[in-house]
Amino acid sequence: DQALAEWPSFTGAEPTDCAVDFLNASAETYDRLSKLGLSFGSPVDGPLMLTPRLQAVDGEGEALVAALAASVPDAVTVRTSTWVQDLVVEDGRVLGVLTADAFIGAQTVVVASGGFASNSEILDTLGASDEDSAWWAAGDSTATGDAITWAQAHDLGIECGECMGWLRNTLPVPDADGEAFFLLGPDVPWIWVDSAGERFVDESHTESITYTAVLQSHQPAWNIAPQDVLLDAISSDDGRAIIQAAIDAGDGFTCAEDDASLAALLAIDADGLAATLANVAQARQDSTIDSVGRDPLTLPVFGRGPICGYQSGRIAAKSFGGLSVDSEGRVLSADGDVIVGLYAVGEAAGMAAPGIGGIAGFDGSLSAVVWSGWRVGATLAR
């Protein structure tokens with residue numbers, strides 16, 4: 001009930017019917033995973049949510065996969081390292097799949113290879129990367145969007161293709177090869193301020209998708225950090241040299257000797273920024289949780305050299321859009337008709353159902369993935 005009440009605030013949309021079903025089934029999902037031998041840590045605060053709700057699987061993703069794999073009956077043959085290149089669909093029915101060297105006939109196909117976060121062409125086509133700022137994929141090179149490619153080839157429905165999970169936890173400068181941003185961890189050496197010079201979010205939640213959604217609602221907003229603290233956050237000498245060169249060239253960074261000068265350059269309210277920096281200094285001095293709930297030990301120390309403003313680079317983390325499915329996970333055509341024998345789960349179905357968390361996405365996606373698989377399993381059993 002608390003999750004449903006808070007849903008609009010951390011996803012930007014009212015909960016869909018699928019979101020309600022997913023939340024109502026969360027206790028059952030927890031119990032079923034427990035029966036598979038998995039254990040969980042204590043509930044932790046979910047980023048930007050009002051009540052502790054998230055529970056991490058002990059052993060993380062590897063433990064979850066191992067438990068699910070161990071539950072597969074012996075009668076089931078699992079074939080690994082066999083890349084499915086295409087679906088075979090005729091007259092509204094799936095007939096099987098094509099691999100590199102074979103056609104595998106099947107009355108039922110469940111698509112789970114849905115991620116497209118590393119495919120810039122699909123992101124552009126679906127309108128998911130419509131911002132001007134540069135972005136990078138989250139590093140999963142297998143998230144090439146096979147399901148979306150098949151959907152486009154076979155006139156399958158695609159829903160909420162623009163719904164992406166973006167992260168903002170990088171410095172906006174490529175490495176020497178031009179292939180990656182510099183990642184910064186949760187103890188980020190910056191604060192975020194809006195045009196009024198005020199903070200509006202706990203900046204240490206860099207790996208939260210809802211955090212990024214809040215940033216979007218406060219644009220234009222800027223990372224503010226002391227130049228020396230920013231450089232100290234880079235672990236390698238080469239990395240610091242690249243960042244220093246970018247600062248010197250004004251490439252993505254605007255730096256000044258004091259906060260008043262920086263405020264003028266960034267069109268930020270100078271009095272607001274000064275008050276914010278004073279509050280940050282006071283929180284550090286008193287060792288008190290600050291106005292946005294951030295641990296004071298992670299706050300940057302201002303007042304010892306140049307101060308910089310910049311906007312962190314975006315990372316495409318995961319896709320919340322995918323194949324159109326009905327309440328039972330059956331894939332629909334572009335016209336809304338059921339494709340007989342074809343189902344989609346997980347990221348292929350937008351983390352259970354396309355757009356389950358709205359345009360902003362939501363952070364509790366792994367449990368939705370597991371639940372969506374069991375939902376289709378129940379459909380097939382019936």
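The GluC sites (Glu not before Pro) found in the range 150-244 that occupy coil by DSSP, while having at most 10 further C-beta atoms within 10 Å, are Glu179. When the P(r) of the chain is calculated, the portion above 28 Å amounts to 52% of the C-alpha pairs.
Computed over the range 276-338, the convex hull of the alpha-carbon atoms projects to a mean area of 8.5 nm².
The Cα atoms of the range 224-286 define a convex hull whose projected area, averaged across directions, is 4.9 nm². Taking trypsin sites (Lys or Arg not before Pro) across the range 274-363, the ones in a DSSP loop with at most 14 further Cβ atoms lying within 10 angstrom of their Cβ are Arg304. Look at the alpha carbon pairs under 8 Å that are at least 6 residues apart: their mean separation over the length of the chain gives a relative contact order of 22 percent. Size descriptor for the range 48-123, Kirkwood hydrodynamic radius: 16.4 Å (Cα pairs only, one decimal). Over the C-alpha atoms of the range 243-382, the Rg to Rh ratio, Rh being the Kirkwood estimate, stands at 1.25.
Per residue, the chain reaches -9500 deg cm²/dmol at 222 nm when only DSSP H runs of four or more residues are counted, each adding -39500 (n - 2.57). Taking a Cβ cut-off of under 12 Å around Trp192, the surrounding Lys, Arg, Asp and Glu residues balance to a net charge of -1, with basic ones at +1 and acidic ones at -1. Note on exposure: Glu347, Glu60 ranked by accessible area (1.4 Å probe, complete protein assembly) read Glu60, Glu347, with the most exposed listed first.
Taking all protein chains as shown and a probe of 1.4 angstrom, Asp21 keeps an accessible surface of around 80 Å². Net charge within 11 Å of Pro354 by Cβ-Cβ distance, Lys/Arg positive one each and Asp/Glu negative one each, not counting Pro354 itself? Combined, the nearby Lys, Arg, Asp and Glu give -3.
The values are calculated or read from the model by the stated rules, or taken from the named source; none is laboratory data. Predicted model only: the values in this text are computed from it and were never measured. When we count neighbours, we look across all protein chains shown, and the Cβ atoms used for this are built from the backbone with ideal geometry, even at glycine. Heads up: the accessible areas ignore ligands, DNA and RNA and are worked out on the full protein's heavy atoms, side chains in. Shrake-Rupley method; radii C 1.70, N 1.55, O 1.52, S 1.80 Å.
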